[in-house]
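The values are calculated or read from the model by the stated rules, or taken from the named source; none is laboratory data. These numbers come from a predicted model, not from an experiment. Don't worry about glycine lacking a Cβ; one is built from the backbone with ideal geometry, like all the others, and counts go over all protein chains shown.
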Amino acid sequence: MSESSLEERGRALENQFFDKENQKKLDAMKQAESAKHTRDDLRRASGMTDEAVLDKLVELGLRANTIAALSLVPLIEVAWADGEIQDNELTAILQGAHGKGLEQGTEGYELLQGWLKRKPPTDLFDAWGSYIRALSGQLNEEQNRLLKNQIVGFAKMVAASAGGFLGIGKVSSSEEKVLERIESAFKRG
C-alpha cells in the first residue's frame, strides 16, 4: 500500500469520524430545539410558567394538545354538572380554550364544540382522572401542586360563572361534587 493511499484512507476515516460526531451534535441540537418548541407550546397551552414543571411534562412526552385536553375536560364536566351549560360557562370555556391555543377550525376546537353541544360520556372524565393520577405520580409535590392549582382554579372559575348574582358567588351542589372529584384526582397513593 502506498503512502498516499494510506494517507487518503486516514483522511477518509478522519472525515467519517468527524461526520458522525457532527451528526451526533446536529441530532442533539435538533432534539434540544424540538424540546424547546414543545416546552413553549406547553407554556402557551397550559399557562404554566414553571420551567421545571414544563421540562418534566416534555420529558413525559406530553404535548400542547394533551395539556389543552387536560385542562378542558374538567371544565366541560363542571359545566355539564347541572345538566346544561349556562351562557356564562360557555363564554368562560371558550375564552379558556382560546387562551390555550385552541382556535376555531382546529381539530381540538371542533372536539370542544361537540362537547359543548352534547355532554361527553362519563368515561372521558374517568379517563382524565386516571391520566391525572398517573401523571401526579411522575411529578414532585411542587409540580403536582402547580398543575392542580391551575386546573382546579379554572374549573372553579367556570363553576362560579353561572351561579349567584351576575355570575358571582354561588356554585351549585352538583358543581361542588365535580370540583371535589377533580381535586381528588390529584391525590397521591
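Given the conditions (1) over 15 Å from Val78 (Cα atoms); (2) surrounded by 18 or more Cβ atoms within 10 Å (Cβ to Cβ); (3) in contact with a Phe, Trp or Tyr (Cβ under 9 Å, 6 or more places away or on another chain), and given that Leu139 satisfies all but one, which numbered condition is not satisfied?
The failed condition is (3).
Only residues that are modelled with pLDDT under 85 and out of contact with any helix residue (DSSP H, G or I) (no Cβ under 9 Å at 6 or more places or on another chain): list them for region 138-165, please.
Gly164, Phe165
Against the definition (part of a helix (DSSP H, G or I), modelled with pLDDT of 90 or more, more than 18 Å from the chain's Cα centre (by Cα) and charged (D, E, K, R)), how does Arg181 come out, yes or no?
When the stated conditions are applied, Arg181 passes them.
Given the condition exposed (fewer than 15 other Cβ atoms within 10 Å of the Cβ), hydroxyl-bearing (Ser, Thr, Tyr), over 17 Å from the mean Cα position of the chain (by Cα) and part of a helix (DSSP H, G or I), answer yes or no: does some residue in region 153-163 qualify?
no
Scan (1) among the β-branched types (Val, Ile, Thr); (2) farther than 18 Å from Trp80 by Cα; (3) surrounded by fewer than 19 Cβ atoms within 10 Å (Cβ to Cβ) for the single condition Ile132 breaks and write down its number.
(3)
If you check Val53, Val58, which single one turns out to be in contact (Cβ under 8 Å) with a residue 40 or more places away in the chain, among the β-branched types (Val, Ile, Thr), closer than 24 Å to Ala185 by Cα and surrounded by 17 or more Cβ atoms within 10 Å (Cβ to Cβ)?
Only one candidate qualifies: Val53.
With the structure loaded, tell me whether Leu54 is under 16 Å from Asn144 (Cα atoms) and at pLDDT 75 or above or whether it fails that test.
Yes, satisfied.
State the number of residues belonging to region 142-151 that are surrounded by 18 or more Cβ atoms within 10 Å (Cβ to Cβ) and free of Cβ contacts under 8 Å to residues at least 40 places away in the same chain.
Final tally of qualifying residues: 1.
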